[in-house]
1. For segment 1-120, what is the accessible area per residue in Å², given a 1.4 Å probe and the full set of protein chains?
2. Take the Cα atoms of segment 42-84, find their three principal axes, and give me the spread along each one in whole Å, biggest first.
3. Of the heavy-atom accessible surface of the chain (probe 1.4 angstrom), what whole percent is carbon and sulfur?
4. Calculate how steeply helix 97-108 sits against the longest principal axis of the alpha-carbon atoms of the chain, using the helix alpha-carbon long axis, and give the answer as 0 to 90 degrees to the nearest 10.
5. Could you work out the relative contact order of the chain, using alpha carbon pairs under 8 angstrom and six or more residues apart, expressed as a whole percent?
6. Report the Cα-based extents of the chain along its three principal axes, largest first, to the nearest Å.
7. Using per-residue counts of other Cβ atoms within 10 Å, averaged over each peptide, order 29-42, 93-106, 59-72 from highest down.
8. What number comes out for the charge environment of Ala37, summing +1 per Lys or Arg and -1 per Asp or Glu over other residues with Cβ under 13 Å away?
Amino acid sequence: NIQRVVPKTLEILLMNFRGTVDVNSSARGQLGWGDSADGGFFTDAFVDQLESTFNNSAPDWATMINVSGQTANQRFLTMKQTELQKFSNFPALANSPAQASLRDSLQNSSAMTPGVFSLNVAGTR
C-alpha cells in the first residue's frame, strides 16, 4: 500500500520543492515518544499522512507537519493516560529505576508537538 502511495506524494514534497524543512518529532524541552509496535509517534503519523494525502494533488509541508503533529500528540496523550493509570493501579511497577524514570517522564510531559526549526518554502520547481 505505502509503496504505491508514497512515491507520488514524496515526489511532490521533495522533488518539486524548493526551500528548507528542518523538523523534529518534538519541540525543544519535550521528549519524543513512540511504542514498540509502530516506532516514533510523529514518524508513524507522518507516514500515515503521506498515505492519506495521496489523493491531494498538492500536499504541502506545513499541512503535513501540522496534521502529523496533532495525530502524534493525541497518540502520546492516550499512551500517557494509559501508562500512568497502570502506575496508579500497580504502584510496585515504579520499584525499578527504569519504570520510575518512565513514570516521572510521563508525569513531566504535557505534550508532544513537532519542533519546526526551519520551514522556508521558496516555491516549487
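1. Heavy-atom accessible area per residue stands at 60 Å².
2. Sorted largest first, the three principal extents are 41, 16, 12 Å.
3. Values: 3820 of 7660 Å².
Carbon and sulfur: 50 percent of the exposed surface of the chain.
4. Tilt of helix 97-108: around 60 degrees.
5. Details: 151 pairs, mean separation 56.0, N = 125.
Relative contact order comes out at 45 percent.
6. 58, 31, 18
7. Numbers: 29-42: 14.9, 93-106: 12.9, 59-72: 18.1.
For the peptides 29-42, 93-106, 59-72, the packing ranking is 59-72, 29-42, 93-106.
8. Working: positive: Arg75; negative: Asp35, Asp38, Asp44.
Residues close to Ala37 contribute a combined charge of -2.
The values are calculated or read from the model by the stated rules, or taken from the named source; none is laboratory data. Given the structure is predicted, the values throughout are model-derived calculations rather than measurements. Note: ideal-geometry Cβ built from the backbone for every residue, glycine included; neighbour counts use all protein chains shown. Heads up: the accessible areas ignore ligands, DNA and RNA and are worked out on the full protein's heavy atoms, side chains in. Shrake-Rupley method; radii C 1.70, N 1.55, O 1.52, S 1.80 Å.
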